[in-house]
1. Kindly count the pairs of lysines across the chain whose alpha carbons are less than 23 Å apart, treating pairs on different chains or eight or more residues apart as eligible.
2. List the residue ranges in the chain for DSSP H helices whose C-alpha atoms run 24 angstrom or more along the long axis and whose Kyte-Doolittle average is 0.0 or above.
3. When N is the residue count of segment 307-375, what does its C-alpha Rg come to as a fraction of 2.2 N^0.38 Å?
4. Can you send over the solvent-accessible area of residue 56, 1.4 Å probe, protein chains only, in Å² to the nearest 10?
5. If exposed means no more than 16 neighbouring beta carbons inside 10 Å and the site is in a DSSP loop, what's the longest run of the chain without any exposed GluC sites (Glu not before Pro)?
6. Under the rule of at least 5 residues apart or a separate chain, name every residue whose amide H is placed under 5 Å from the amide H of residue 156.
7. Can you give the Rg to Rh ratio for segment 3-109, taking only C-alpha atoms and Rh from Kirkwood?
8. Leaving out ligands, DNA and RNA, what percent of the accessible area of segment 219-358 is carbon and sulfur, probe 1.4 Å?
Amino acid sequence: MSSNDTLERVERIAAGVVAEHAVRLDKEGSFPTEAVRALGEAGLLGLLSSKDVGGMGLGPREAAFVVERVARECASTAMVLCMHYAATAVIEKLGPEPVRRAIAAGEHLSTLAFSEPGSRSQFWAPLGTATLTAAGRVRLDARKSWVTSAHAAQSYVWSSKPLAGAEASTLWLVPNPTAGIRVTDPFDGLGLRANDSSPVVAEDATVGTDAMLGEDGGGFSTMLEIVLPYFNVLSSACSVGLMETATARTAAHASAIGFQHTGTTIADLPTVRAYIARMRTKTDMARTLWLDTIDAMEKGRADAVLRVLETKAAAGETSVEVVDLAMRVCGGAAYRKDVGVERLFRDARASQVMGPTTDVLYDFIGKAVCNMPVF
Ligand SMILES: Cc1cc2nc3c(=O)[nH]c(=O)nc-3n(C[C@H](O)[C@H](O)[C@H](O)COP(=O)(O)OP(=O)(O)OC[C@H]3O[C@@H](n4cnc5c(N)ncnc54)[C@H](O)[C@@H]3O)c2cc1C
C-alpha cells in the first residue's frame with residue numbers, strides 16, 4: 001500500500017461520509033459511527049498495523065496526512081482517529097496479536113484513557129490504582145476525566161500506578177466492555193462535540209495480568225517514546241486541517257459577497273486581504289513545522305524531541321489565531337453559522353488544553369532551550 005493509495009482512500013471518505021455528517025454530528029453531539037465504519041472498511045484503522053497482521057504497515061507520516069485530511073471536514077472525527085492511532089501505536093508494539101489483527105481488519109477502535117481529575121492535564125502521573133488479586137488477576141480502580149470514543153472504542157490504553165515500585169505508571173489494554181468499567185456522563189462540549197470524550201470510572205474492574213502493556217512501571221517511557229510523538233504530530237494534523245478549511249472558507253466568503261451600493265466585495269478591502277494573508281501565512285508556518293517534525297522523527301534527527309514538543313504548541317495556538325481571524329473577516333454571517341467557520345472556531349480551542357497542554361509544552365520547550373532536564 002503506497003502513500004498515494006492511502007491518500008486516495010482518505011480523500012474519498014473525507015469528501016464523502018465525513019463531510020456529509022459533520023454539521024449534524026456537531027449539532028447533536030453524536031459519534032461519527034458512519035465515518036469510523038468507512039475508515040475501518042477502507043483499511044485506514046489498520047494504517048499503523050504491520051503487514052504481518054494484515055495491516056497497511058505505514059507510519060506517522062501517512063497517519064498524519066489521513067488525520068489532516070479528515071480534520072478539514074470534521075475535527076471531531078479527526079480526533080477520534082488521532083486517539084486511535086496513538087493507542088494503536090502502543091498496541092502494535094506491546095499488545096497481543098489477536099487485538100492487533102482486529103485493528104488491522106478495521107474491526108477494533110482504540111483510544112487513550114490517561115487523564116484523571118486528580119492529576120488533571122498532567123496525565124503522566126495517574127492516581128488510579130492496579131492491585132494484584134488473590135486470584136492472580138489485576139484489579140483496576142480509577143476515575144478517568146475524558147476518554148475520546150468512550151462508548152464506541154473496543155479497548156482503552158489505560159494508565160495506572162504500577163503494581164509495585166515507585167515508577168509513575170503502568171499501561172494496560174482494557175477491553176470495552178469490562179465489568180466494573182462504566183462511562184458515567186455523556187460529553188456535551190464546546191467543541192469537538194462529536195468525539196464522545198466522556199468520563200470513565202473503574203471500580204473493582206479486573207483484567208488478566210497479560211493485559212499489561214510493557215513492563216510494570218514502564219508506562220512513562222512508553223508515553224514518552226511512543227504516545228507523545230504520535231499524539232503531538234496527529235493533534236497538529238487536526239489543527240493544520242482545521243486551519244486549511246478556515247482559510248479557504250474565509251477567502252471564498254470574502255470573494256463572493258460584498259456591497260451592492262459600491263459594487264465591491266469584502267475581499268476588495270485591503271484590511272480584509274491582509275487578514276486573509278495572515279491566515280494563509282500562519283497556516284503555512286504551522287504546516288511547515290509539522291512536516292519538519294515528521295522529517296525529524298523519520299530521520300532520528302537530534303532535534304526530533306524539540307520539534308515534537310514545538311509542533312503541537314505551534315499548531316494548536318496558531319489554529320486558534322486563524323479561526324479568530326476567520327470569525328472577524330466573515331462578520332455576522334459567521335455567527336449565524338452561514339459560512340461554516342463557527343464550528344472550526346469552537347473545535348480549534350481544544351488543542352490548547354489537551355494534554356500535553358500548550359503551557360506544559362512551553363515549559364518543556366523552555367527547559368530544553370535553557371539546557372535544563374526536560375522531563
Ligand atoms: C475534547 C477533549 C478530548 C479529550 N480526550 C482525551 C482522551 O481521549 N484521553 C485522555 O486521557 N484525555 C483526554 N482529554 C483530556 C486532556 O488531555 C486534558 O487532560 C484535559 O483537557 C485537561 O483539563 P483540566 O481541566 O484537567 O486541566 P488542568 O490541568 O486543570 O489545567 C488548567 C490550566 O493549567 C495549566 N497547567 C497545568 N499544568 C501546568 C504546568 N506544569 N505548567 C504550566 N501550566 C500548566 C494548563 O495548561 C491549563 O491551562 C480530552 C480533553 C478534551 C477537552
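The values are calculated or read from the model by the stated rules, or taken from the named source; none is laboratory data. Please read all numbers here as calculations on a predicted model, not as lab measurements. Glycine also receives a Cβ, built like all others from the backbone with ideal geometry; neighbour counts cover every protein chain displayed. When the accessible area is computed, the model is the full protein with side chains, heavy atoms only, and any ligands, DNA or RNA have been set aside. Shrake-Rupley method; radii C 1.70, N 1.55, O 1.52, S 1.80 Å.
1. Counting lysine pairs in the chain gives 10.
2. Helices passing the filter in the chain: 75-94, 228-256, 304-335.
3. Normalised by 2.2 N^0.38 Å, the Cα Rg of segment 307-375 equals 1.40.
4. 10
5. The longest such stretch corresponds to 216-375.
6. Excluding prolines and chain starts, which carry no amide H, the hits are 174, 176.
7. Dividing the radius of gyration by the Kirkwood radius yields 0.96.
8. 58
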